[in-house]
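Below is one structure, written out as structure tokens, with a few remarks after it.
The values are calculated or read from the model by the stated rules, or taken from the named source; none is laboratory data. Note that this is a predicted model, so its numbers are computed, not measured. FYI the Cβ positions are ideal-geometry reconstructions off the backbone, even for glycines, and counts take in every protein chain you see.
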Amino acid sequence: MNEHTGDIDRLAVMLHESSRIVVFTGAGISTESGIPDFRSPGGLWTKYQPIEFQDFIASEEKRRESWRMKFATESVLADAKPNKGHQAVADLYQQGKLARVITQNIDGLHQISGIPATKIVELHGNATYAKCLDCGKRYELAEIKRQFLQNEIPPVCNVCNGFIKTATISFGQPMPVLEMQEAESETLNCDLFLAIGSSLVVYPAAGFPRLAKQNGSKLVIINRDETGLDDIADLVLHQEIGISLATAVKKSLN
């Protein structure tokens, strides 16, 4: 048995023995669906400068630039489909073992894979729709795009006249309070915490794996590169996420 197979078998046993699993996902799980990590070389942030939240609020031109950027890059998310990693997490839900998915991703692929939105905590929001920043009304992107491409006037809410923005958390925008509270609660109540595809450097979100471990949960990290929390994890896999997780989930059923 090689080390790779041994680690997969250990993960399978941990999955089998757990009943309240929290899965924490970062960009690494979605790169296997063709979505580039925004921060990596060649990622979207190397081509487009992210717009600070306060600049979005203060400047009509920045709002216009934000929507131009959104529609120039929307095909990256629109063409993406859940991969083996997403499906493996969905399998854990089907087995009744998944307490929550806590995700840093904004692509909506966990929902598409079959996990109900009520089981998903989106710490950084969702890029597949938009919301009014004042009253919270939801807007679908297709209608906003149709109007914006006619005159490039940044959209405003038809209820309260507030600014409409993609439902993501921008630089400088406060983290969502309810989502952070839910993530903390689920972290404190899990018996296995899987940190998947995250560099674990973006706080406060990256503090959840440490919190889980400190509260008695087992901690597993699956990521291509080393993370700052590898030394406290019960198991670390520096392997391809999709096939590794799918294999472990399948073996856990035996």
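Before moving on, here are some points about what is shown:
- Of all residues in the stretch 204-244, those satisfying the criterion of being touching a Leu at 6+ places or on another chain (Cβ under 8 Å) and closer than 13 Å to residue 11 by Cα are 218, 219, 220, 221, 222, 233, 234, 235, 237, 244.
Listed here are the residues, each with its yes/no results for (1) more than 12 Å from residue 67 (Cβ to Cβ); (2) not acidic (Asp, Glu).
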{"residue": "136", "(1), (2)": "yes, yes"}
{"residue": "140", "(1), (2)": "yes, no"}
{"residue": "144", "(1), (2)": "no, yes"}
{"residue": "149", "(1), (2)": "no, yes"}
{"residue": "158", "(1), (2)": "yes, yes"}
{"residue": "166", "(1), (2)": "no, yes"}
{"residue": "172", "(1), (2)": "yes, yes"}
{"residue": "175", "(1), (2)": "yes, yes"}
{"residue": "179", "(1), (2)": "yes, no"}
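- In the stretch 104-115, the residue that is surrounded by the most Cβ atoms within 10 Å (Cβ to Cβ) out of those that are among the β-branched types (Val, Ile, Thr) and under 20 Å from residue 36 (Cα atoms) is 106.
Table: residues versus (1) surrounded by 20 or more Cβ atoms within 10 Å (Cβ to Cβ); (2) in the same structural domain as residue 99 (by TED's automatic domain parsing); (3) at pLDDT 95 or above; (4) touching a Pro at 6+ places or on another chain (Cβ under 7 Å).
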residue	(1), (2), (3), (4)
2	no, yes, no, no
5	no, yes, no, no
9	no, yes, yes, no
12	no, yes, yes, no
15	yes, yes, yes, no
21	yes, yes, yes, no
25	yes, yes, yes, no
43	no, no, no, yes
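- Residue in the stretch 193-213 that is outside any strand (DSSP E or B), surrounded by fewer than 19 Cβ atoms within 10 Å (Cβ to Cβ) and in contact (Cβ under 8 Å) with a residue 40 or more places away in the chain present: yes
- Scan the stretch 173-189 for residues that are modelled with pLDDT of 95 or more and surrounded by 14 or more Cβ atoms within 10 Å (Cβ to Cβ) and the total you get is 9.
- Residues located in the stretch 75-103, provided they are touching a strand residue (DSSP E or B) at 6+ places or on another chain (Cβ under 8 Å), closer than 19 Å to residue 167 by Cα and surrounded by fewer than 23 Cβ atoms within 10 Å (Cβ to Cβ): 77
- Selection from the stretch 147-177 of residues that are small (Gly, Ala, Ser) and within 11 Å of residue 135 (Cα to Cα): 162
- Screening residue 225 on (1) surrounded by 12 or more Cβ atoms within 10 Å (Cβ to Cβ); (2) of a type outside the set (Lys, Arg); (3) closer than 30 Å to residue 7 by Cα shows it passes everything except condition (1).
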